[in-house]
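The values are calculated or read from the model by the stated rules, or taken from the named source; none is laboratory data. Owing to the predicted nature of the structure, the values given are computational and were not obtained by experimental measurement. FYI the Cβ positions are ideal-geometry reconstructions off the backbone, even for glycines, and counts take in every protein chain you see.
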Amino acid sequence: MDKDIVTLAIETSCDETSCAILRNGREVLSNIISSQIDIHRKFGGVVPEVASRKHIENMNLIIQEALDEAKMTFDDIDIIGVTRGPGLVGALLVGISSAKAIAYALDKPLIGVNHIEGHICANYIEHKDLEPPFTCLVVSGGHTYLIYVKDYTEYEMVGRTRDDAAGEAFDKVARTLGLSYPGGPVIDKLSKEGNPDAIPFPRVYLENDSYDFSFSGLKTAVLNYINQARQKGEEIVVKDVAASFQQAVIDVLVDKSIRLAKERKTDKIVIAGGVAANQGLRELMAQRGQEENIKILYPSNKLCTDNAAMIGSAAYFNYMKNKVSDLYLSVAPNLELI
């Protein structure tokens, strides 16, 4: 296709209101993100009703800001992409209603995007020459997946969490330690000062050939350690607990990712999702990747967390495969990638 495709994308799956403008799925012209972290921090987590109301308040302003930054108007837009799931149903409805209205008014194609696919596609923005196939580790607050990416819109789900996602475990452990929300960045920062070998928390690998994950037992082991120490009046060295917990998580994530890449004979591992910003994970993955001659790729921090640019990238690649939605598109809070 000779003509450039300009995408307007909207993301409202959780507590970020975001709109982005992209050219040809990889060039970001604007990516406006309004985060609600400060609002939800006082509650220790996201309150769905509050998130939905803030999306409604912010949406029109964010869309206009994205157009202004890209120096474009609605007349310049070719396709509209929007997150349809997974996510909070009320939050998703705000984004999808806005996207439908724009698509209808402009008479332009509408593409409903899977939020997880968006996280994967963030790497196409960051790494302009990245092409499938590759092994992908998706780690975020709600999801932990090992995926074999066959093509731009074709995926094989090889492993997934059977209980808590990695990011969810981080938040729960942080809350128990009295740390602020969100817990992942705080634990990552503390881990740099702590001893990762101080406490022998379990590494859960499940069956010998399994690529699935389980972090519930590890989370419980950390909670038991803290409760027992408090009952005995023993000092809890928070930075050591944080470092030991984080190491137990990333050891399993990295081991399984490397094993899958070697099994599928892919020379690239791509990390995606909010936990892809974790420095401990990046460093261990880079070390193991160098040992195994596997290239490790991940997005910049802004593209790791929820944002509309990644949704716009995914929308573009779906559009190029003729995967277009209609105006009856509905939200899917529990949408699966495959």
Please work out which residue is farthest from ALA315 (Cα to Cα), limiting yourself to segment 10-25 and to residues that are assigned to a strand (DSSP E or B) and either out of contact with any Ser or Thr (no Cβ under 7 Å at 6 or more places or on another chain) or among the polar types (S, T, N, Q) (or both). THR17
Where VAL149 falls short, out of the listed (1) touching a Cys at 6+ places or on another chain (Cβ under 7 Å); (2) in the same structural domain as ARG53 (by TED's automatic domain parsing): (2)
Name the single residue, out of those in segment 232-243 being in a helix (DSSP H, G or I) and modelled with pLDDT of 95 or more, that is surrounded by the most Cβ atoms within 10 Å (Cβ to Cβ). ALA242
In the list VAL254, VAL249, which residue meets the criterion of being part of a helix (DSSP H, G or I) and farther than 18 Å from GLU193 by Cα? VAL254
Within segment 325-338, restricting attention to residues that are over 12 Å from LYS100 (Cα atoms) and surrounded by fewer than 14 Cβ atoms within 10 Å (Cβ to Cβ), which residue is modelled with the lowest pLDDT? ILE338
Go over the candidates LYS323, LYS232 one by one and state the one that is among the charged types (D, E, K, R) and either in contact (Cβ under 8 Å) with a residue 40 or more places away in the chain or in contact with a helix residue (DSSP H, G or I) (Cβ under 7 Å, 6 or more places away or on another chain) (or both). LYS323
Select, from VAL28, VAL94, the only residue that is in a strand (DSSP E or B) and modelled with pLDDT of 95 or more. VAL28
Take the residues in segment 255-271 that are crowded, with 23+ Cβ neighbours inside 10 Å and touching a Leu at 6+ places or on another chain (Cβ under 7 Å), then tell me which one is nearest to VAL158 (Cα to Cα). SER257
Based on what the data block shows, is VAL138 modelled with pLDDT of 95 or more, under 25 Å from LYS268 (Cβ atoms), assigned by TED's automatic domain parsing to the domain that holds GLY312 and part of a strand (DSSP E or B)? no
